[in-house]
Amino acid sequence: MAGLTLEHLFKRYDNSGKKKRTVNDYAVNDLNLKCEQGEFVALLGPSGCGKTTTLRMIAGLEDITKGNIYIDDCLINDLHPKDRKIGLAFEDYAMYPPLNVYGNVAFNLRAKGVDSAEIDRRVREIAPLMQIEDLLEKMPVKLSGGQKQRVNIARAIIREPEILLMDEPLSHLDGKARQAMRIEIKRLINKIKCTTIYVTHDQLEAMSLADRIAIINFGVLQQFGTPTEVYDDPANEFVASFIGEPPMNILETKIIKKEGVYFFSFENSNLQITVPRRYYDVIQDGFRCKVGVRPMDVLIGGEDSVGTPEHIATFENLGDERRIGIHVGDMLLMLITEDERRYRRDDVVKLEVRGEKTHLFDIETGERIR
Ligand code: ATP
């Protein structure tokens with residue numbers, strides 16, 4: 001088990017003639033990450049943000065444009081992939097079709113010349129961990145997606161890596177199998193206690209598995225923190241809207257002052273939300289910014305509540321929760337309610353917004369204000 005450090009890591013592909021999709025054409029742009037021994041770190045971000053490129057540079061499968069990668073204190077930039085003590089589980093299972101599961105799991109050890117008694121000991125040790133004891137004689141074509149993925153992970157961990165890299169290991173699985181495998185990965189990592197870097201674009205996976213999440217957009221690290229930190233204290237508008245389902249409402253607002261009290265106000269809307277006192281020293285009357293509030297912090301008040309009356313614009317019944325959209329000027333404010341009532345478009349409800357749960361973002365840069 002070892003720690004992993006990425007220091008000012010850059011990757012620029014030679015994309016001459018191709019459409020630019022990255023900031024300054026860097027697929028990875030000055031990435032700094034320090035993952036502790038035994039830590040489970042998720043790299044999370046939208047498609048094309050540079051997650052796989054980062055993983056491939058750590059594995060030694062992609063050249064580094066600039067920067068350093070360390071395992072503990074050892075600089076590994078120029079180390080051959082096979083000398084890096086890294087286990088890889090990529091999204092395509094890449095099994096050898098003529099070999100059965102046993103042969104596939106044993107393959108890398110055989111290639112390294114490990115003797116067959118030792119290989120057998122390790123396969124028999126890993127098999128129950130990954131629950132593949134009954135599959136060892138099966139051929140890859142006979143396996144389900146979930147079984148293939150378990151074999152794939154067994155192949156990565158049999159080399160007893162110091163760092164385990166996983167790239168979207170659940171992406172080929174559907175809903176239920178995905179959830180089951182997520183629980184298995186968590187159980188496995190708790191057992192083998194290997195430092196793990198896990199690439200995903202699924203925030204739920206990252207939130208449920210990781211000790212810390214590195215959120216990346218256009219190759220640039222947006223925030224590195226625990227699931228609670230990135231959810232409760234998002235560093236910027238991107239993180240705020242990427243983490244959470246349904247996402248945080250982020251609305252343009254102008255702050256107004258009435259009798260010494262500040263309110264968030266919205267163009268073409270009667271809605272006003274009380275500004276928490278903690279913001280009083282960074283705002284003034286007329287200040288423009290964006291205000292973020294999670295759907296669960298917008299409540300439907302009772303008949304005699306002090307909330308402002310608003311018309312319902314959208315209503316979705318998802319079984320155990322109901323989602324309601326309210327027009328705030330040209331913007332839509334989403335809320336979640338467990339209220340059993342079947343609301344309809346244009347019904348009027350009284351809204352109460354938990355002002356103390358709001359976040360402020362700079363209108364230009366999207367950076368969090370405080
Ligand atoms: P996804 O979730 O879709 O796999 P990702 O976050 O893993 O995306 P990368 O695959 O690392 O993103 O790609 C980052 C950027 O680098 C993208 O703009 C992509 O088009 C570009 N890129 C990736 N591989 C190459 C390559 N071999 N040659 C040129 N550009 C590449």
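The values are calculated or read from the model by the stated rules, or taken from the named source; none is laboratory data. These figures come from a predicted structure and were not determined experimentally. Note: ideal-geometry Cβ built from the backbone for every residue, glycine included; neighbour counts use all protein chains shown.
Do you know which of the residues in region 32-59 that are in contact with a His (Cβ under 9 Å, 6 or more places away or on another chain) and of a type in the set (Gly, Ala, Ser) is nearest to Ala210 (Cα to Cα)?
Per the criteria, the residue is Gly45.
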Within region 38-69, the count of residues that are small (Gly, Ala, Ser), assigned to a loop (DSSP other than H, G, I, E, B) and surrounded by fewer than 19 Cβ atoms within 10 Å (Cβ to Cβ) comes to 3
Ile256 surrounded by 14 or more Cβ atoms within 10 Å (Cβ to Cβ) and part of a loop (DSSP other than H, G, I, E, B): no
Tell me, yes or no, whether region 98-120 has at least one residue that is assigned to a helix (DSSP H, G or I) and within 24 Å of the chain's Cα centre (by Cα). no
Please tell me if Leu188 is away from the ligand (no atom under 16 Å from the Cβ), assigned to a strand (DSSP E or B) and within 30 Å of Lys34 (Cα to Cα). no
State whether one or more residues within region 200-221 are in a helix (DSSP H, G or I), at pLDDT 95 or above and surrounded by fewer than 18 Cβ atoms within 10 Å (Cβ to Cβ). no
Tell me, which residue of region 70-81 that is in contact (Cβ under 8 Å) with a residue 12 or more places away in the chain and surrounded by fewer than 17 Cβ atoms within 10 Å (Cβ to Cβ) is nearest to the ligand (Cβ to nearest atom)? Pro81
How many of the residues in region 353-370 are over 18 Å from Met334 (Cα atoms) and not hydroxyl-bearing (Ser, Thr, Tyr)? 9
In this structure, is Leu165 within 16 Å of the ligand (Cβ to nearest atom), surrounded by 20 or more Cβ atoms within 10 Å (Cβ to Cβ) and within 23 Å of Thr54 (Cβ to Cβ)? yes
